[in-house]
Amino acid sequence: MISIYYFTATGNSLTTARRLADGLGGCRLIPVVSAVRHKKIVEEAEAVGFVFPVYFSDAPCIVRDLISKMIFTAEKPYIFAVPTCRGHAGACHQRLDQLLMTRGQKLSLAVNVNMPGNSYINEPGVDEKHLANQDSSVQAILPLIRSRETRDYSEPALLPLARTAWPNNFRGITAEADKCTGCGICEEVCPMGNIVLREGKAVIGDNCSTCLACFHWCPNEAIWMSKQENIARRSKYRHPEIKLQDVINQKN
C-alpha cells in the first residue's frame with residue numbers, strides 16, 4: 001500500500017496525485033486538510049508520497065504542519081514528493097528533507113511537475129504547455145517510484161524557513177464588501193478556517209496558508225489576492241478537470 005497525501009487549491013496537485021495513484025496502483029489518496037486535524041498521524045505504509053504546490057521554495061504551512069505530526073512505523077519507509085510549481089521549486093526539496101529529519105526520516109525522491117501558476121503569471125503559452133505535458137510528466141515519475149529510486153537532498157546548513165512556512169496573510173488578501181454577495185464559497189474552500197461571514201460579508205483573517213483558493217473560486221470578483229498591483233487582479237485559474245466540490249471535499 002502507498003499513501004499519497006495531497007493539498008490543492010486550484011486542482012494542480014489533486015489531478016497530479018490522482019494520476020500518480022492510477023499509475024502506481026494500490027494507493028490511497030489522503031487530503032492533507034482533513035488529516036492535519038489530528039494531533040498525531042500514524043502512517044504505516046511502506047511508501048508515502050506528498051503532492052503539494054510550492055510556495056516561495058517551500059511546502060505550504062499546512063503540509064509542514066502535517067509532517068511535523070507524523071509517525072512513520074514502517075522500517076525505512078520510501079518517502080517521495082511530487083511538488084507542483086510554475087517553473088522551479090528552489091530549495092523546496094532540501095527544506096522538506098530537513099523537516100522529515102525531525103521525524104527520523106529522509107526524503108527518498110522529489111520530482112517536480114510544472115503546472116500553471118495560480119499566483120504569479122507565466123508568459124503567454126507557458127501554462128497551456130504545462131497543462132498539455134502533465135500526463136507525460138507524471139508518466140516519467142512512475143518508474144522512478146516503482147523502482148524506489150533514491151536521491152540525496154542533504155544540506156549541511158539549516159535552511160531558513162520561507163515566509164509561507166507558518167500561517168500569515170503577508171499578501172494582504174482581502175474581500176471587498178461592496179462586491180461580496182455572501183455566497184460563502186470562499187469560506188467553504190479555505191483550508192485554514194480563516195474566512196468567516198459577518199453580516200453577510202466575507203472577512204479574511206491572518207491564519208492564512210496563501211493558497212489563494214478564495215481568489216480563484218470566488219464567482220463575484222470580490223477577492224483581492226495581493227497588495228502587488230500587477231497580480232492583484234490577475235485572471236482566475238482552475239484546473240479544467242477540477243470542480244468546486246473537489247476542493248471543498250478536502251475537509252471531509
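The values are calculated or read from the model by the stated rules, or taken from the named source; none is laboratory data. Values in this document were obtained by computation on a predicted structure and should not be read as measured data. Glycine gets a Cβ as well: all are built from the backbone with ideal geometry, and neighbour counts include every protein chain shown.
Where the second residue is at pLDDT 95 or above and in a loop (DSSP other than H, G, I, E, B) and the first is within 26 Å of Gly25 (Cβ to Cβ) and of a type in the set (A, V, I, L, M) and lies in the stretch 143-161, which pairs have Cβ atoms under 8 Å and are six or more apart or on separate chains?
Every condition considered, the pairs that remain are Leu144/Val111.
Would you be able to say whether some residue in the stretch 113-125 is of a type in the set (A, V, I, L, M), in contact with a Phe, Trp or Tyr (Cβ under 6 Å, 6 or more places away or on another chain) and touching a residue at least 12 places away in the same chain (Cβ under 8 Å)?
Quick first cut of the stretch 113-125, residues of a type in the set (A, V, I, L, M) only: 113, 115, 121.
The next check asks that each one be in contact with a Phe, Trp or Tyr (Cβ under 6 Å, 6 or more places away or on another chain); those that pass are none.
No, there is no match, as no residue in the stretch 113-125 is of a type in the set (A, V, I, L, M), in contact with a Phe, Trp or Tyr (Cβ under 6 Å, 6 or more places away or on another chain) and touching a residue at least 12 places away in the same chain (Cβ under 8 Å).
Just one of Phe72, Phe50 is of a type in the set (Phe, Trp, Tyr), surrounded by 18 or more Cβ atoms within 10 Å (Cβ to Cβ) and in contact with an Asp or Glu (Cβ under 9 Å, 6 or more places away or on another chain); which is it?
Details: Phe50 fails: in contact with an Asp or Glu (Cβ under 9 Å, 6 or more places away or on another chain).
So the residue among Phe72, Phe50 that is of a type in the set (Phe, Trp, Tyr), surrounded by 18 or more Cβ atoms within 10 Å (Cβ to Cβ) and in contact with an Asp or Glu (Cβ under 9 Å, 6 or more places away or on another chain) is Phe72.
Here is a check on your reading of the model: is Phe52 under 15 Å from the mean Cα position of the chain (by Cα), on the phi > 0 side of the Ramachandran plot and not hydroxyl-bearing (Ser, Thr, Tyr)?
Working: under 15 Å from the mean Cα position of the chain (by Cα): yes; on the phi > 0 side of the Ramachandran plot: no; not hydroxyl-bearing (Ser, Thr, Tyr): yes.
Spelling it out, it is not the case that Phe52 is under 15 Å from the mean Cα position of the chain (by Cα), on the phi > 0 side of the Ramachandran plot and not hydroxyl-bearing (Ser, Thr, Tyr).
I'm trying to understand the selection: among the residues of the stretch 205-223, which are touching a strand residue (DSSP E or B) at 6+ places or on another chain (Cβ under 8 Å) and over 21 Å from Arg238 (Cα atoms)?
If the condition is that a residue be touching a strand residue (DSSP E or B) at 6+ places or on another chain (Cβ under 8 Å) and over 21 Å from Arg238 (Cα atoms), then Gly205 is the only one that fits.
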